[in-house]
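Following: one structure in structure tokens, then a few remarks.
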Amino acid sequence: MRTFAKPMNSYMNIKHEIQVFNTLTDKKEKFEPQNAPFVGMYVCGPTVYSHVHLGNCRTFTSFDVIYRYLTYLGYKVRYVRNITDVGHLVDDADEGEDKIAKKAKLENLEPMEVVQQYTNDFHAVMYQLNNISPSIEPTATGHIMEQITMIEALIAKKMAYVVNGSVYFDVLKYNEIKGNYGQLSGRVLEDLYANTRDLEGQTEKKNSLDFALWKKAMPEHIMRWTSPWGDGFPGWHIECSVMSSKYLGPQFDIHGGGMDLKFPHHECEIAQSTATFDKQPVKYWLHSNMLTVNGARMGKSKGNAILPAQLFSGNHPLLDRPYSPMVLRFMMLQTHYRSTMDISNEALLACAKGYNKLLNTSIILEKLTQNEIEPINDKLNAEINIYITKAFEGLNDDFNTGIAISQMFNLAKLINAFFNQQANINTISESTFKYLKNTYKVLFSDILGLKNEADLAFASLASDVLKIYAQAKSEKQYDKVDAIRAMFKSRGLVIKDMKNGIDWGFEE
Ligand code: AMP
Ligand code: ZN
């Protein structure tokens, strides 16, 4: 697990009581892990039958920041994010082909080749976005035995029944005993029955709302395992009940995923786990909201998906130009994870400028030094402390990264004023200066997970070219000066001619 350096003073004046919005109770609650400082967090991972799109990335990035922030605060987080490599059927219910098997057939590949290819792709994208790897990344196919064991337990408790080689969860029976089916999604059982179509093939279920725990494999099915009920494969929901309880115990702290998973996936997870262990499995359910394109949810099957590679190359009909992974990350974090977020060229362009502002500020802050202490400007000192406090208050309030970023812009304004000598860095106290330096870095890098994408070789080359620029300027060789400026601009860089020297930065 990664640990982060804590800024000095961080606990002096910051209230570190976290409030989280719990979808289960539909309200904000004080975050009190069952066994602090340990925190168990499970997030539903991708179904690896195609490339992840920007919507998927938003959800994983939201939980990455939650993981980072809890870790920063000193919690010892075990973060489990699974890979769904079997059981997710094309219609998201119990009929149709397995998404992975379908893709394998189309491309004439082994299902595990499809799984490997898109798992690799997923990992590469998570790396580009600077999302930290989870502590454990279990796969559904790696836990077939455990899934069979849980299904057997459910049958023994008469919460599940076997029909013709398939096993179904008995929703009505469960609800009779536990009375909470629909609790998470706010759905009422009677309405659900009234609205469920009796699809062909569902006739073997006692009730249309029952869901598959295990499906009998037809002869043409390529993904199959032996079981007490014959050859088959697990249903989609059971894997998450099994893997979360195996690695985090029957009751754990945080379960995350996108809002679209609340029903049926998470509702079914609660039912399976509660029926098995006689306990509510999760203390805090956190759901991130959808990334939309022109107001419509981005989805693989909706034909409006933008892939990370398309954004990074600019090669997509909806995009005017490429944007880097960190601009995407910044964009995602500017909006609170529970609000919808619409992607557009305008929004991306504004984010590119905003991200560059914070990045440039982080670079100049490294260079900033105090040379002597002059009489302290109390107002300036207080201002810095207030912005930092507010940034953390935002994070403590259900991980509101948007508020943290807006306070970082306030800090950026001051830091730039110090750098341009419009404000005097020597009039803030030594401890406030250290606090500012450390905290800005911690917020930017450790908590928000932003980074400078230019490598050191690039930065040192740019600095060398700047020396030639300075020389040309002093010799009044304006053609050369203009050529160098144009060269920087074409790479999204600007040369800053300041009172106290020349520097370069990213275009804001
Ligand atoms: P999937 O691979 O379809 O199982 O989805 C992986 C994760 O991405 C799940 O947590 C989904 O809720 C989430 N997700 C899917 N579409 C979107 C979207 N448009 N915006 C945000 N999250 C999404
Ligand atoms: Zn899941």
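Since every read-out is calculated from the coordinates, none of them should be taken as a lab result. For clarity, every value in this text was computed on a predicted model and none was experimentally measured. Here the Cβ positions follow ideal geometry from the backbone for every residue, glycine too, while neighbour counts run over all protein chains shown.
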Which value results when the Cα radius of gyration for the range 50-194 is divided by 2.2 N^0.38 Å? 1.29
Take the Cβ-Cβ distance between Lys480 and Ala347 as r, set R0 to 41 Å, and report the resulting FRET efficiency rounded to the nearest 0.05. 0.60
Determine, at each q value in 0.12, 0.17, 0.19 (inverse angstroms), the log₁₀ of I(q)/I(0) that the Debye formula gives when each Cα of the range 293-447 is one equal point scatterer. -0.60, -0.98, -1.13
Using DSSP, restrict attention to beta bridges with both residues in the range 33-288 and report what percent are antiparallel, rounded to the nearest 5. 40
Of all GluC sites (Glu not before Pro) in the range 352-412, the ones in DSSP coil with at most 13 other Cβ atoms within 10 Å are Glu372
Sum of -39500 (n - 2.57) over DSSP H runs of 4+, divided by residues of the chain (222 nm, nearest 500): -13500 deg cm²/dmol
Can you tell me the dipole magnitude for the chain around its Cα centre, using point charges on the Cβ only (Lys, Arg +1; Asp, Glu -1), in Debye to the nearest 20? 1140
May I ask for the percentage of alpha-carbon pairs in the chain that lie more than 41 Å from each other? 30
Rank Ile428, Tyr387, Phe21 by how far each Cα sits towards the positive end of the charge dipole of the chain (+1 on Lys, Arg Cβ; -1 on Asp, Glu Cβ) and give me just the farthest. Ile428
Give the relative contact order (percent, whole number) for the range 456-506; include only Cα pairs under 8 Å separated by 6+ residues. 30
Cα centroid separation, the range 223-247 to the range 390-404 (Å): 39
Quick one: what Rg and Dmax do you get for the range 270-347 from the alpha carbons, in Å? 17.2, 54
Determine ³J(HN,Hα), in whole Hz, for all residues of the range 254-271 in sequence, where each value follows from phi through the Karplus function 6.51 cos²θ - 1.76 cosθ + 1.60 and θ = phi - 60°; x replaces Gly and Pro. 10, 10, x, x, x, 4, 5, 8, 3, 9, x, 4, 6, 4, 5, 4, 4, 4
Distance check, please: which entries in Lys379/Lys434; Lys173/Lys283; Lys99/Lys178; Lys28/Lys451; Lys353/Lys379 exceed 21 angstrom between their Cα atoms? Lys173/Lys283; Lys99/Lys178; Lys28/Lys451; Lys353/Lys379
Stretched out fully, how many nm does the piece from Lys467 to Glu220 gain, at 0.36 nm a residue minus the Cα gap? 82.1 nm
For Thr274, Thr119, Thr389, what ranking results if the residue with the fewest other Cβ atoms within 10 Å of its Cβ goes first? Thr389, Thr119, Thr274
Per residue convex hull volume, Cα atoms of the range 33-288, in Å³: 119
